[in-house]
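K.L.:
Structure in C-alpha cells, see below.
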Amino acid sequence: MIPRPENTLRTSACLALGVASGLTAISCNHYEFFRVAGYEQVSFTNKAEIIFVIDSSPSMMDEAADLVANFDVFIQTLASAEGAQPATETLSDAVGNYLIYTSERGRLMDYRIGITTTSADYGPNIGFENGVEPGEAGTLVGNVLVKGEKDIIHQFRRDLACRAACWDGDLLPSDPTYTGSTGNCPLPDIGVTSEYLDCLCTDVEYPVETATWDSADLCGSGHEKHLEAALLTMCRATEEPPEICWQHTGSNFDQEDDRHSIPEFFRENTPLVIVVVTDEGDGSPMFSTKDDTAEVYLDAFAQFDRDVTVAVIGPPLDCEETTSDQGNTFDDCQLTCNTGNASKLQTERLIDAAVETNGFYNFIADPREGADPDEDCDVSSFADHLQDLGKLLINLQTAFQLQTIPDQSTIQVYVDDEPVDKSQVDDDGAFEAGWTYDPGKNAVVFWGSAIPDFNQNVRIFYRPLEGKPRDLPF
Amino acid sequence: MRRITATLLATLLSASTAMAQETIDLGTLKDKDIKVVQKLLYPKAGRVEFGGVLGWMPFDAYTTTPVAGLTVAMHTRESIAYELGLMGGYAMKNSKMTTLEGPAYGVAPDAYGYTASAIADVQWSPIYAKLNWLGRSVHHHDVFLTGGMGVTYERAVLPDHDTAFSPTLGLGAGARIFLGGGKIIRIQLRDDILREHREKTAETKAWFIKQNVSLLIGFSKLNRGH
C-alpha cells in the first residue's frame with residue numbers, strides 16, 4: 001500500500017480559506033508526483049566498442065574456421081565499411097522490411113573492434129616466449145579495427161585466423177588450386193584451407209621468425225578465463241583504470257606499465273560489448289569454486305562507468321526455460337555437444353553474464369538431428385551468431401533502468417509521446433510487442449516492435465513505492 | 001462725539017430689523033425629510049447582457065492557462081442577475097514544472113490543466129456608484145458577487161492526457177464599468193472549486209479538491225430591454 005501524502009489537512013485549510021474569503025489567489029492545488037526516467041534519451045548511442053574474446057584452445061579449430069568464414073555477415077549487418085553515412089531519413093520508410101531496416105540502422109553504428117584470447121595468463125609455458133604476447137593477459141592480437149577502415153573484414157580475418165586461432169594444419173582441408181596472393185586472399189568457397197591461411201598470414205609478424213599460423217605455440221592456455229581476459233583488456237584500454245584491475249586474485253595487470261596500453265580503443269560514454277567465443281566454461285580467477293553467477297566480474301565491469309553487454313557463443317547447456325512477467329528462469333540444465341569438456345558450473349557463469357547484461361547466449365554447436373547429442377554435433381551457424389550480434393548492437397538499449405522502485409501499477413511508458421502498451425506473453429511463451437518491468441534490474445524492458453528507434457524520445461512515468469519521489473526545490 | 005456714535009448705531013440696528021422681516025420662513029428641516037437619490041444612468045433590470053471575456057489562470061503551482069469565454073446574463077432586478085458562462089483555456093507547463101521534469105530532478109507532477117467549463121451562477125450587485133477619476137471624469141459602475149454551479153473539463157499535463165469532468169462550485173467578484181450605449185467593461189476575479197477524480201492515482205487517492213483562480217477582463221453589452 002502506498003502511503004498517502006499529507007495533503008488532506010492542507011487542502012482543507014486552503015479550501016476553507018478560499019471559501020471564507022470568498023476568493024483567493026492562493027494556489028492550493030495538490031498533485032501527486034511521478035518519477036520520470038529516460039528524459040534525455042542518453043541510453044541510445046550509435047557508438048559501440050566490441051571485444052572478441054576468442055578461445056584459442058585446440059578444440060576450437062572448427063569454430064574458428066566458421067567464425068572467420070562468416071565475419072562478413074556481421075560487418076554487413078552493421079553496413080559495409082564504406083557505407084557509413086547516416087540514413088536517418090529513410091528509417092521510418094523501411095520499417096516494413098526488416099532486412100533493409102536492420103541494414104539501414106546498422107549504417108549508423110560507429111564501432112571499434114579488438115580481439116583478445118582467453119589466455120589471461122602468460123609465461124614460459126604459454127605462447128612463444130616468457131613475456132606477454134599479443135592476445136595474452138588482455139592484450140589485443142592486432143590493431144583496433146575502426147569502422148570506415150579499408151578492408152576491415154580482411155583485417156579481422158587475419159587477426160583472428162593468424163594470431164588468435166589454434167590450427168592443426170593436418171586437419172584443415174586443402175585446395176591446391178587456390179589462387180590468392182599476398183594482400184588479395186579471397187575466402188575459398190569451402191571455407192578456411194591451408195592455402196588460404198598461407199596467403200592470409202604471409203605478412204604477419206610472430207614473436208619468433210620461424211613461427212607460422214600452424215605453430216602450436218599460438219594455441220592458448222588450457223585454462224580459459226574469458227571474463228578475466230575481457231577485464232584486463234578493459235583495464236589496458238582505460239586511462240585511469242579502477243583499482244580492481246590490479247587488486248584482485250590472479251591479476252596480470254601492471255598498474256604502471258599496462259594502463260592505457262591500448263589507447264586508441266575506448267571512447268568516453270560508449271557502450272562495450274564483450275563477445276565470448278568458446279567451447280569451455282569460465283575459470284577466471286576471481287570466481288570462487290562454487291560461483292555459478294558472474295556477479296563478481298559484472299561488479300568489476302561496473303567500475304568502468306560504461307554500459308557493458310556480454311554476448312556468448314558457448315557450450316550448449318540445455319535447460320528448461322520458463323518465461324513469465326518476472327523474466328526468464330532456467331532449470332534442469334544439462335551440457336550437450338560438450339567437445340571442450342566444459343564444466344556446467346563454469347558455463348552457467350557465462351550464461352549469467354549474458355542474461356544479466358541483456359546480451360545473448362548462443363550455442364556453439366548443435367546436435368545433428370536424430371543423433372546422440374553428446375557425440376554427434378555440428379558447429380552451429382556463425383552467420384546466425386554474428387547476425388544476432390549485429391542486432392544486439394543495433395538494439396543495444398532495450399532496458400531502461402528506473403531511479404527508484406516503482407509501484408508497478410502506475411508505470412506508464414511513452415515513446416515520442418505515444419503510449420506503449422504493456423507486453424503480454426503469447427502462446428509460444430514469448431513476449432509480444434510492448435514493455436515489461438524487470439524487478440531484478442529495476443528496469444522497463446521493451447520487446448519486439450515496441451523497442452524505441454534511434455532519436456526517439458522515451459519517457460517512463462511511475463510513482464515510487466516510497467510515496468513522495470524526492471525533495472523538491474519548490 | 002459719543003452721542004453721535006450711539007445715534008448712528010441705533011439707526012443701523014433699526015435698518016437691519018426692517019430687512020429680516022422680508023424673508024420667508026421655511027421651517028425646520030428634519031432627517032426623515034431628506035432623501036438622496038443617485039441618478040441611475042445605466043439601469044440593468046429587465047435587460048440581457050451578452051459578453052466575452054479574456055483572462056489568465058496564473059496561480060496554479062505547475063501550469064499557467066490563458067482563457068477566453070462567452071457570457072450571457074439575465075438581469076431580473078437591478079441587483080440580481082442569472083448568468084451562464086462558457087469558458088475554455090489551454091493549460092501550459094510553467095517553468096517550475098519544466099524544471100522538475102528535467103534531468104536534475106526527474107519528477108513530474110500529475111498536474112491537470114484547465115480546458116473548458118460551463119458555470120451557471122447568480123450575480124448579486126448591491127453597489128452602484130460613481131467614481132471620480134482624478135477629477136477629470138466620472139465613471140458609473142457596479143460591484144457584484146457571484147456564486148454558482150457547473151462542470152469543468154480538465155486534461156492531465158502528463159502524456160497520458162487523462163481527462164476529468166468535475167462538478168464545480170464557482171465563486172467570484174467583479175465590477176462593471178458602464179461606457180454608455182449599453183456597453184460595459186467587466187473586470188472579474190473568479191474562483192472555481194472543483195472536486196476532481198484522477199484516474200492514474202485512483203488506487204491510492206482518486207478524489208482531489210482543486211481551485212482554478214482566474215483574472216478576467218471582458219466586454220459586454222446590455223440589450224435595450226423593455
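K.L.:
Express the relative contact order of the range B:39-222 as a whole percentage, based on alpha carbon pairs under 8 Å and six or more residues apart in sequence.
P.N.:
Worked out over the range B:39-222, it gives 20 percent.
K.L.:
Within chain B, how many lysine pairs that are 8 or more places apart, or on different chains, have C-alpha atoms less than 17 Å apart?
P.N.:
8
K.L.:
Here is a further query. Using θ = phi - 60° and the Karplus curve 6.51 cos²θ - 1.76 cosθ + 1.60, what whole-Hz ³J(HN,Hα) does each residue of the range A:30-37 get, with Gly and Pro shown as x?
P.N.:
Karplus values, whole Hz, x for Gly and Pro: 10, 10, 6, 10, 10, 8, 10, 10.
K.L.:
Given H placed 1.01 Å from N in the peptide plane, which residues other than close sequence neighbours of A:Val192 have an amide H under 5 Å from its amide H?
P.N.:
Amide H to amide H, under 5 Å and 5 or more residues apart or across chains, A:Val192 pairs with nothing.
K.L.:
Same structure again: Decide, for the range B:39-222, between rounded, prolate and oblate: order the square roots of the alpha carbon gyration tensor eigenvalues as a ≥ b ≥ c, take rounded if a/c falls under 1.5, and otherwise choose prolate if a/b is larger than b/c, else oblate.
P.N.:
prolate
K.L.:
For A:Thr117, which sequence-distant residues (separation of 5 or more, or a different chain) have an amide H within less than 5 Å of its own amide H, given hydrogens modelled in the peptide plane?
P.N.:
A:Ile54, A:Gly138
K.L.:
Any chance you could list P(r) for the range B:113-226, counting all Cα-Cα pairs in 5 angstrom bins from zero, rounded to whole %?
P.N.:
Spelled out bin by bin, the range B:113-226 gives 2, 10, 16, 18, 14, 11, 9, 7, 5, 4, 2, 1, 0 percent.
K.L.:
How crowded by other chains is B:210-223, given as the mean number of beta carbons from other chains within 10 Å of each beta carbon?
P.N.:
Neighbouring Cβ atoms belonging to other protein chains average 2 per residue here.
K.L.:
Could you list the GluC sites (Glu not before Pro) in the range A:232-302 that lie in coil according to DSSP, counting only those with at most 14 other Cβ atoms within 10 Å of their Cβ?
P.N.:
A:Glu239, A:Glu256, A:Glu264, A:Glu268
K.L.:
Spelling out what I want: for every residue of the range A:406-418, take phi, set θ = phi - 60°, compute 6.51 cos²θ - 1.76 cosθ + 1.60 (Karplus), and round to whole Hz; glycine and proline get x.
P.N.:
Ordered by residue, 3J(HN,Hα) equals x, 6, 4, 5, 9, 5, 10, 10, 10, 10, 6, 6, 9 Hz.
K.L.:
Given R₀ = 25 Å, what would the calculated FRET efficiency be for A:Asp214 paired with A:Asn130, taking r from the Cβ atoms and rounding to 0.05?
P.N.:
E(calc), rounded to 0.05, equals 0.65.
K.L.:
Once amide H atoms are built 1.01 Å from N in the peptide plane, which residues 5 or more positions from B:Gln211, or in another chain, come under 5 Å H to H?
P.N.:
Result for B:Gln211 returns A:Cys28, A:Asn29, B:Leu194.
K.L.:
Can you compute 3J(HN,Hα) from phi for each residue in the range A:134-144, using the Karplus curve 6.51 cos²θ - 1.76 cosθ + 1.60 with θ = phi - 60°, rounded to whole Hz and x for Gly and Pro?
P.N.:
Once θ is set to phi - 60°, the couplings for the range A:134-144 become x, x, 8, 6, x, 6, 8, 7, x, 7, 5 Hz.
Read-outs throughout are calculated quantities, based only on the coordinates presented, and are distinct from any laboratory measurement. Treat the numbers as computed from the prediction; the structure is a model and nothing was measured. Counting neighbours? That spans all protein chains shown, and the Cβs are built from the backbone with ideal geometry, glycine included.
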